[in-house]
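Quick notes on the structure that follows.
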Amino acid sequence: MAAKSQDKVLFGAASVLLLASLGWTVLQTSKLGALRESANTGLTPTPYTPAGIDAPKVSTQTWPVAPSQTRGAEWVYDVFTPPEIYYNAATKQFSVTPPSTAPVAAAPEVPFGVELVQVKQDVFRLQLVGYIGGEGDYRGTFENALTGETIIGRAGKKIPDLDLTIRSFEVKRNRTRSAESMDIITIEAVAVVLDNKTGETYSLSNKSRLIKGTPFALLKTDGASEPAPYKAGAKLTVGAATYTVLNVVAEPASVEITKESPDLKEPLTKTLTPGSPPEAVPAPSSPAPTPTPTPSSSPFPF
């Protein structure tokens, strides 16, 4: 009986809870309907009307005129337009204006002032040029190099004018073998002479001249009628210019000379040869030719 009473209590409680839930649901549904009605009645559609927009205010400004740079009045350029920069090799300066390309008249050339006529060599004062006679009775034919006189003599002959004595003289037959293995015989006259001044002896041959001493140059200067002999180390003066003979060469004939003058910035050295006039020297005051302007790739002045 107690169990049945408890079930009745639980059933009754559940019934009360169900009724309460139904009542709450009905109440909330009525409130939600009222809200919907109030929302629908408060919204009234309004037609779209476009609004006008005022045009923006626009102000314009111009860049100020580019001022001159500190380098000079011609150095004016815009911000976004750099100048073309030129380099003048004559003045060794940069510029925004092209250098003048006008042709410059060539300055007159100044003659070197000295001409080589001939190069000679000192020869021994007695030369053997040949022989006369026959086997056992040969005599030499000599030449006095100072006077051109011909002298005939054999061993023991004295030549007072030249202060020489012929100590020996002979005619030799020289045998040589050619490339074809053939014997070639040549005849050579040989003399040994004594220099009575110095005590030295010299061997002379009719095959070659005996050269004794250094070569010398016959130089003709501007205004001179005849050339004069000069050896290496000699100096000569022509007007305000001073020339120094540095070297004289016999074969091939040439002479090396240095010219010094107040008109020259530094000494000028030339090699002269006979028969060809020396190259003229450019005048020291002649201006250098202006080069063709070349724009620099740099956008900024230097």
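The numbers here are math on the coordinates, done by the rules we state, and not lab data. These numbers were taken from a predicted model, which means no experiment stands behind them. Cβ placement follows ideal geometry from the backbone for every residue including glycine, while neighbour counts extend to all protein chains displayed.
Ranked from highest to lowest mean number of other Cβ atoms within 10 Å per residue, what is the order of the peptides 147-155, 46-54?
Working: 147-155: 13.3, 46-54: 4.8.
With the highest mean Cβ count within 10 Å placed first, the list reads 147-155, 46-54.
Please tell me which of these pairs span more than 31 angstrom C-alpha to C-alpha: 157/235; 120/158; 157/231; 92/220; 212/259? Numbers along the way, then the final one.
Working: 157/235 42 Å; 120/158 28 Å; 157/231 34 Å; 92/220 42 Å; 212/259 29 Å.
Cα-Cα > 31 Å for 157/235; 157/231; 92/220; rest within.
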Counting Lys +1, Arg +1, Asp -1, Glu -1, what net charge surrounds residue 195 among other residues with beta carbon under 13 Å of its beta carbon?
+3
Net charge of Cβ neighbours under 9 Å - reference residue 114; Lys, Arg +1; Asp, Glu -1
+1
Excluding residue 151 itself, what net charge comes from residues whose Cβ is under 14 Å from its Cβ, given Lys and Arg +1 and Asp and Glu -1?
+1
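Quick one: which of 124-132, 259-267 comes out on top by average Cβ neighbours within 10 Å, and what's the full order, highest first? Intermediate values should be presented prior to the final figure.
On the way: 124-132: 18.1, 259-267: 12.4.
Put in order of decreasing packing, that is 124-132, 259-267.
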